Amino acid sequence: MIKVVFDYKCTKEGENLKNIIHHSHLADVTQNIEILLSENAMYFLNHETNPPSKIELKEMKNAKSNDLVYKLFPKKNSSILDCTGGFGRDAIEFSKLGYKVTMIEENPLVLMAVKKFLDKYDKPNLRLIYGNSLDYLRMKSDSFDYIYIDSMFKKSKNKSKSKKDLELLQYLCREKITRFNLIREAKKNLCERIVIKDSSSSLLKYDSDYSIKTKLIRYNILKGNI
Ligand SMILES: C[S@@+](CC[C@H](N)C(=O)[O-])C[C@H]1O[C@@H](n2cnc3c(N)ncnc32)[C@H](O)[C@@H]1O
């Protein structure tokens, strides 16, 4: 169950959020999640852990090495479509390195948290879109150098900040198997390459031209059609 707590300054926003939850798949979330909303911030308390873990978007140090990102997306200052925006950790990191990033997120709670965070900072290279990236890929008129897909929902005992994010996303996000559809649709688009983030131990099979691996993550690369 998702409970929303808000202060008097954001009554409208809070009531909206409750309405969205009530009329969507989020009403069926069984885990005990609390959302705390104020004028400038939104954070989540995951009561499934003991003690409850707090998930709040903050400016963070880059988690990936710059070299890794440049290997994934070799053309500097190019454009990336991040089809699975989530809390935007990857998208923000890419945008800080000069890439022009468009991130799409379909979950309204996740989107609102990211939007509140982005409103506080100047992120000129980052555009946030609410919607389903499958539809966007089918209909879009813009083109991108790279398409990025991260539907990595693997459970982990690691309690690092990003793992707490992933655990919460697992509870809140409905569709965990859009990856194959997204890859299929992305392949129809003109781009230099499609980068799919996966866990290094994943057994999921799909065509890729090669992989770039770190200790925990495997980035599968599909060459695009330009
Ligand atoms: C594993 S998370 C991505 C984490 C993200 N890379 C980050 O750094 O925070 C996957 C996210 O993709 C979103 N998602 C999955 N399928 C989607 C789709 N077809 N369109 C838009 N968002 C989607 C989910 O709602 C979820 O928030």
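Where a number appears in this text, it was derived from the coordinates with a stated rule and is not lab data. Source: prediction; values computed, not measured. Ideal geometry is used to build each Cβ from the backbone, glycine not excepted, and the neighbour counts take in all protein chains shown.
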Checklist outcome for this item: Counting only residues 5 or more apart in sequence or on a different chain, those whose built amide H sits under 5 Å from that of Lys100 are Ser78, Ser79, Ile80
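What's the extension gain from Tyr130 to Tyr171 if we count 0.36 nm per residue and subtract their Cα-Cα distance?
Taking Tyr130 through Tyr171 to full extension adds about 12.8 nm, to one decimal.
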Checklist entry - Hey, how much of the P(r) for the chain falls beyond 28 Å, as a percent of Cα pairs? => result 29 percent
Checklist outcome for this item: For the chain the mean separation of alpha carbon contacts under 8 Å (6+ apart) over residue count, i.e. relative contact order in percent, is 15 percent
Checklist outcome for this item: Sorted on mean Cβ neighbours within 10 Å (highest first), peptides 24-35, 140-151 come out as 140-151, 24-35
Checklist outcome for this item: For Arg218, the residues 5 or more places away or on another chain with a placed amide H closer than 5 Å to its own amide H are Asp198, Ser199, Ser200
Checklist entry - In nm, to one decimal, how far is the Asn19 label point from the Asp209 one, both placed 7 Å along Cα→Cβ? => result 4.8 nm
Checklist entry - Between Gln31 and Glu48, what is the spin-label point distance in nm, taking each point 7 Å from the Cα along the Cα→C-beta axis? => result 0.3 nm
Checklist outcome for this item: Between the modelled labels at Tyr121 and Lys61 (7 Å from Cα along Cα→Cβ) the distance in nm is 1.5 nm
